[in-house]
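A.B. asks: Structure in C-alpha cells, see below.
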Amino acid sequence: MNDSIPAKPRKAADKSARTRAREFALQALYQHLVGRNEASDIDVFTRDLSGFHKADSVHYDALLHGCVEQAEQLDALIAPRLDRPMVELSPIERAVLWIGAYEFQHCPDVPLRVVINECVELAKAFGGTDGHKYINGVLHPLGEQLRPHEAAQAPGRKSPKGG
C-alpha cells in the first residue's frame, strides 16, 4: 500500500448508497418545490434515472415521502433559525434543510455530524456559491436543539448556556 498518494475528491463510484439516496431525494424534493408535482409522480420518474439502482431506496423513500408529508412541521422547525423568510430560500436550500431536519428527527442511526456534513456536501454540489455555509449555519443550532445529548458530546462544540 502506498501511503504517499494524496487524497482525491470523492468520485461517483466512491459514494455510499445513503449519499446517493440523499442526492436523488434532493432532486425529487426540488421537483416537488418548483413544479408542485406529486411525490408519487416524482418517485416514478426518479427511480428511472441513471444510477438510482446504486442508491439506498429505503432511505430515499423515507426522505422524499417524509419531507413532503411533514413539510409544514419541518418548515416550522427551520424557520426560527433563518435570517430571512422561508420563501426567500432557494428550492435547493429549502430541500437540503428539509433533509437535515428530517434526518435529525427520524434517522437516529445517522450521527448528527454526518447529517450536517452530508447536507453541506449536497449544498456544495447542487446549490449556490456560498449556500453550503448557510446550510451549515442553520443545521448546527437545529441539530443542537433536536439532538441535545449528541450535540453536547460532539468534539469542539461549546455547551449551551446554562447547561
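The values are calculated or read from the model by the stated rules, or taken from the named source; none is laboratory data. Just so we're clear, the structure is a prediction, and the values are computed from it rather than from any experiment. Heads up, the Cβs are rebuilt from the backbone with ideal geometry, glycines too, and the neighbour counts pull from every protein chain shown.
A.B. asks: Within segment 56-96, which residues are small (Gly, Ala, Ser) and assigned to a helix (DSSP H, G or I)? Even if it seems obvious, please write down each step before you answer.
C.D. replies: Taking segment 56-96 as the starting set, the residues that turn out to be small (Gly, Ala, Ser) are 57, 62, 66, 71, 76, 79, 90, 95.
Once the filter is applied, which keeps residues that are small (Gly, Ala, Ser) and assigned to a helix (DSSP H, G or I), segment 56-96 yields Ser57, Ala62, Gly66, Ala71, Ala76, Ala79, Ala95.
A.B. asks: Among the residues of segment 73-90 satisfying the criterion of being at pLDDT 95 or above and of a type in the set (A, V, I, L, M, F, W, C), which is surrounded by the fewest Cβ atoms within 10 Å (Cβ to Cβ)?
C.D. replies: Per the stated criteria, the residue is Ala76.
A.B. asks: Consider Val34 carefully, then state whether it is under 19 Å from Ile99 (Cβ atoms), assigned to a helix (DSSP H, G or I), modelled with pLDDT of 85 or more and not aromatic (Phe, Trp, Tyr).
C.D. replies: So Val34 fits the description; yes.
A.B. asks: Next question. Hey, can you tell me all the residues within segment 36-56 that are aliphatic (A, V, I, L, M) and more than 16 Å from Cys67 (Cβ to Cβ)? Step through it out loud before you land on a result.
C.D. replies: To start, the set of residues in segment 36-56 that are aliphatic (A, V, I, L, M) comprises 39, 42, 44, 49, 55.
Scanning segment 36-56 gives Val44, Leu49.
A.B. asks: Anything in segment 113-132 that is of a type in the set (D, E, K, R) and outside any helix (DSSP H, G or I)? List them, or say none.
C.D. replies: Matches in segment 113-132: Asp130 only.
A.B. asks: Hey, among the residues in segment 123-155 that are exposed (fewer than 15 other Cβ atoms within 10 Å of the Cβ) and aliphatic (A, V, I, L, M), which one's nearest to Leu89 (Cα to Cα)?
C.D. replies: Result: Ala125.
A.B. asks: To continue, here is another question. For segment 81-122, give me each residue that is under 8 Å from the mean Cα position of the chain (by Cα) and among the hydrophobic types (A, V, I, L, M, F, W, C).
C.D. replies: If the condition is that a residue be under 8 Å from the mean Cα position of the chain (by Cα) and among the hydrophobic types (A, V, I, L, M, F, W, C), then Ala95, Val96, Leu97, Trp98, Ile99, Ala101, Val115, Ile116, Cys119, Val120, Leu122 are the ones that fit.
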